[in-house]
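Asker: Handing you this structure, nothing more for now.
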Amino acid sequence: MDAWKHSDFLCKKYILNGLDNALYNVYSPMVNAKALWESLKRKYKVEDAGSKKFVVRKFLDFKMVDSKTVICQVQEFQLILHDIHAEGMILGESFQVAALIEKLPPTWKDFKN
């Protein structure tokens, strides 16, 4: 039991040491390393899901318009795809191409077909 308590103490201190100073006082009262870890996991997993939803929403809402150059809009689309990949989500290349073609402005109808 003493070995477990010592290991738990060290683990808790290692986790706290990795936190920003402003967060140290918030999380230091946790009773053990598991409670600390679970609390951090709940807090930051929720934010992770929120950022993924935000990136997906940007992808779904993206539409190309005639008032901007196609090159500029393709670059914007590529940035959104980069954000999606940075969040750990994978989109196949053929899906990306099909999605981009679908997002072309209405005047490009013949090209879409």
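The values are calculated or read from the model by the stated rules, or taken from the named source; none is laboratory data. Everything numeric in this text was worked out from a predicted model, so none of it was measured. With ideal geometry, Cβ positions are generated from the backbone for all residues, glycine too; neighbour counts draw on all protein chains shown.
Asker: Name the residue, out of GLU87, GLU93, that is free of Cβ contacts under 8 Å to residues at least 24 places away in the same chain and acidic (Asp, Glu).
Answerer: GLU93
Asker: Turning to a different aspect of this structure: Among the residues of the stretch 25-33, are any touching a residue at least 40 places away in the same chain (Cβ under 8 Å), in contact with a Lys or Arg (Cβ under 8 Å, 6 or more places away or on another chain), outside any helix (DSSP H, G or I) and aliphatic (A, V, I, L, M)?
Answerer: The answer is no, given that none of the residues of the stretch 25-33 is touching a residue at least 40 places away in the same chain (Cβ under 8 Å), in contact with a Lys or Arg (Cβ under 8 Å, 6 or more places away or on another chain), outside any helix (DSSP H, G or I) and aliphatic (A, V, I, L, M).
Asker: Being within 22 Å of the chain's Cα centre (by Cα) and either outside any helix (DSSP H, G or I) or among the polar types (S, T, N, Q) (or both) is true for just one of LYS63, LYS45. Which residue is that?
Answerer: Among LYS63, LYS45, only LYS63 is within 22 Å of the chain's Cα centre (by Cα) and either outside any helix (DSSP H, G or I) or among the polar types (S, T, N, Q) (or both).
Asker: Would a scan of the stretch 90-98 turn up a residue that is surrounded by 13 or more Cβ atoms within 10 Å (Cβ to Cβ), more than 30 Å from TYR14 (Cα to Cα), of a type in the set (A, V, I, L, M) and not assigned by TED's automatic domain parsing to the domain that holds PHE9?
Answerer: No, every residue in the stretch 90-98 fails to be surrounded by 13 or more Cβ atoms within 10 Å (Cβ to Cβ), more than 30 Å from TYR14 (Cα to Cα), of a type in the set (A, V, I, L, M) and not assigned by TED's automatic domain parsing to the domain that holds PHE9.
Every residue, every condition in (1) touching a Gly at 6+ places or on another chain (Cβ under 8 Å); (2) of a type in the set (Val, Ile, Thr); (3) not in a helix (DSSP H, G or I), yes or no:
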{"position": "SER67", "(1), (2), (3)": "no, no, yes"}
{"position": "VAL74", "(1), (2), (3)": "no, yes, no"}
{"position": "PHE95", "(1), (2), (3)": "no, no, no"}
{"position": "ASP110", "(1), (2), (3)": "no, no, no"}
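Conditions tested, residue by residue: (1) surrounded by fewer than 13 Cβ atoms within 10 Å (Cβ to Cβ); (2) in the same structural domain as ILE90 (by TED's automatic domain parsing).
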{"site": "ASN25", "(1), (2)": "yes, no"}
{"site": "MET30", "(1), (2)": "no, no"}
{"site": "ALA35", "(1), (2)": "no, no"}
{"site": "GLU38", "(1), (2)": "yes, no"}
{"site": "ARG42", "(1), (2)": "yes, no"}
{"site": "VAL55", "(1), (2)": "no, no"}
{"site": "ASP66", "(1), (2)": "yes, yes"}
{"site": "THR69", "(1), (2)": "yes, yes"}
